[in-house]
Amino acid sequence: MGKQRILSGIQPTGELHLGNYLGAIRNWVELQRDYDCFLFMADLHAITVPHDPKTLAASTYKVAALYLAAGIDLEHATIFVQSHVPAHTELAWLFLCITPLNWLEDMIQFKEKAVKQGENVSAGLLSYPVLQAADILLYEPDKVPVGEDQKQHLELTRDIAARLNYQFGSEGHPILKLPEPMIRAEGARVMSLTDGTKKMSKSDPSDLSRINLLDPPETIQHKIKRCKTDPIRGLQFDDPERPECHNLLTLYLVLSGKTKAEVAAECQDMGWGQFKPLLTETIIAALAPIQKKYAEIMGEPGYLEQVLKQGKERAEAIANSTLMKVKKALGYSLPL
Ligand code: TRP
């Protein structure tokens, strides 16, 4: 039996940070041994909020290089750019026409982002999860690894597939396969360095709130020096009164490879003055090999273009065949 397929993606907006790495990419690196992976840069999603045309392409390439630098292996994975495969936008349109408007108005992430944007909310932002459904369903993946915040979008994806199957398929012959969500454990969530109750995020206006994967050692040192802590001596996990303490210990735990019990014992009598340099060194050491590989990839002319060209070809072969299936079911004449 062939390997099961997974599909996931990240928006190429802003810098990728430790939260993206520990929450998503590192997880894919583990999964690629057992699954056939399709990983993409969601550059069409990136323009649902105001964006800068001058940086879009470069950011997209940067994310692709970081996937590779973090250990994604082209033997097991296909890496591609969403906008290079037109089937995404085409299927999204077909889906938009069978998706009730109120399903989209109910999406939590839309409501949150719309509030932040004020007057300037595009129809694209509302349609965002329909494009995501197209991203997913085109590849008929078995599982979709995402964070907790994407759960509702995956439910919508399944609802759209089920609705299409019900309205246009026949009993026992579904047109589209319903994928299973693969939601990461809460523990894998990396929180902001300036507020331990908020997720580490690309959209936080303060760069001090996150460690970017390409931050040089001095920047990492500066950010950890400045990060929020508390006045209590002795460090411990799981104290709801000390979210920053829990987050920083967790970062140390996952990046050092030690067990929770080991870290708890090692740090129970430490003050911040002792712990911060230890954490700084651990982060720098964990990111060094990724940064080195990133520089090598970026230094090799034409390499990334070649990877993305091959990725587009492999992705397109699957995507186009699914799109044809849907168009046929909807009654379109197909071009010869
Ligand atoms: N919305 C996802 C996020 O912000 C990114 C994304 C777009 C995605 N299309 C996808 C994730 C398809 C998984 C599958 O994280």
### Cα convex hull volume per residue for the range 1-135 (Å³)
131 Å³
### Query
Amide H of residue 80: which non-local residues (sequence gap of 5 or more, or other chain) have their own amide H closer than 5 Å, using H built in the peptide plane?
39, 40, 41
### Task
Mind jotting down the distance between the C-alpha centroids of the range 134-198 and the range 29-105, whole Å?
14 Å
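Checking the a/c ratio against 1.5 first, then a/b against b/c, what shape does the Cα gyration tensor give for the chain?
Values: a/c = 1.99, a/b = 1.72, b/c = 1.16.
Verdict is prolate for the chain.
Taking every DSSP beta bridge that has both residues in the chain, what percent is antiparallel when rounded to the nearest 5?
On the way: 3 of 20 bridges.
Looking only at bridges with both residues in the chain, the antiparallel portion is about 15 percent.
Using the Kirkwood radius over C-alpha pairs as Rh, can you work out the diffusion coefficient of the range 184-246 via Stokes-Einstein at 4 °C, viscosity 1.567 mPa s, in µm² per second? Each step should come with its number before you reach the end.
Working: Rh = 12.6 Å.
It comes out at roughly 103 µm²/s.
So what's Rg/Rh here for the range 22-74, counting alpha carbon atoms and using the Kirkwood radius for Rh?
Radius of gyration over Kirkwood radius for the range 22-74 works out to 1.04.
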### Query
How big is the accessible area of residue 93 in square angstrom, nearest 10, if you roll a 1.4 angstrom probe over the protein chains?
150 Å²
### Message
For residue 298, what accessible surface area do you get with a 1.4 Å probe? Give it in Å², rounded to 10.
### Response
90 Å²
#### Entry: Placed amide H near residue 193: partners under 5 Å, 5+ positions off or other chain
210
### Message
Order 84, 153, 173 by their accessible area, 1.4 angstrom probe, all chains in place, largest first.
### Response
173, 84, 153
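For the range 65-106, report the translational diffusion coefficient in µm²/s to the nearest whole number, using Stokes-Einstein at 20 °C, 1.002 mPa s, and a Kirkwood Rh over Cα pairs.
Numbers: Rh = 13.1 Å.
My calculation gives 163 µm²/s for D.
How large is the helix-only mean residue ellipticity at 222 nm for the chain, computed as the sum of -39500 (n - 2.57) over DSSP H runs with n ≥ 4, divided by its residue count, in deg cm²/dmol to the nearest 500?
Values: 12 runs with 169 residues, N = 336.
So the helix-based figure for the chain works out to -16000 deg cm²/dmol.
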### Message
Please give me the summed charge of the neighbours of residue 59: other residues whose Cβ is under 14 Å from its Cβ, Lys and Arg +1, Asp and Glu -1.
### Response
0
#### Entry: Rounded tilt (10° steps) of 87-96 against the dominant C-alpha axis of the chain
80 degrees
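Arrange the residues 303, 128 by how much accessible surface each exposes, largest first, with a 1.4 angstrom probe.
Details: 303 75, 128 20 Å².
Sorted by accessible area, descending: 303, 128.
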### Task
Holding the Cα-Cα limit at 26 Å, pick out from 143/292; 199/223; 111/327 the pairs that are longer than that.
143/292; 111/327
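Over the range 234-336, what relative contact order in percent results from Cα pairs under 8 Å that are six or more residues apart? Mind dumping the intermediate values first?
Values: 48 pairs, mean separation 20.7, N = 103.
Averaging sequence separation for qualifying contacts and normalising by length gives 20 percent for the range 234-336.
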### Task
Summarise the accessible area of the chain (1.4 Å probe, protein heavy atoms) by the percent that is carbon and sulfur.
54 percent
### Message
Among 141-149, 9-17, 262-270, how do they line up by average Cβ neighbours within 10 Å per residue, starting with the highest?
### Response
9-17, 141-149, 262-270
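How much length is gained if the chain between residue 159 and residue 171 is pulled fully straight, taking 0.36 nm per residue apart and subtracting their Cα-Cα distance, in nm to one decimal? Could the numbers behind the result be given before it?
Working: separation 12, 0.36 × 12 = 4.32 nm, distance 1.68 nm.
Computed gain between residue 159 and residue 171 is 2.6 nm.
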### Summary
Quick tally, 1.4 Å probe accessible area for 97, 245, sorted with the most first, runs 97, 245
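The values are calculated or read from the model by the stated rules, or taken from the named source; none is laboratory data. As the structure is a prediction and not an experimental result, all values here were calculated from the model. As a convention, Cβ positions derive from the backbone with ideal geometry for all residues, glycine included, and neighbour counts pool all protein chains shown. Please note that ligands, DNA and RNA were not included when accessible areas were found on the heavy atoms of the full protein model with its side chains. Shrake-Rupley method; radii C 1.70, N 1.55, O 1.52, S 1.80 Å.
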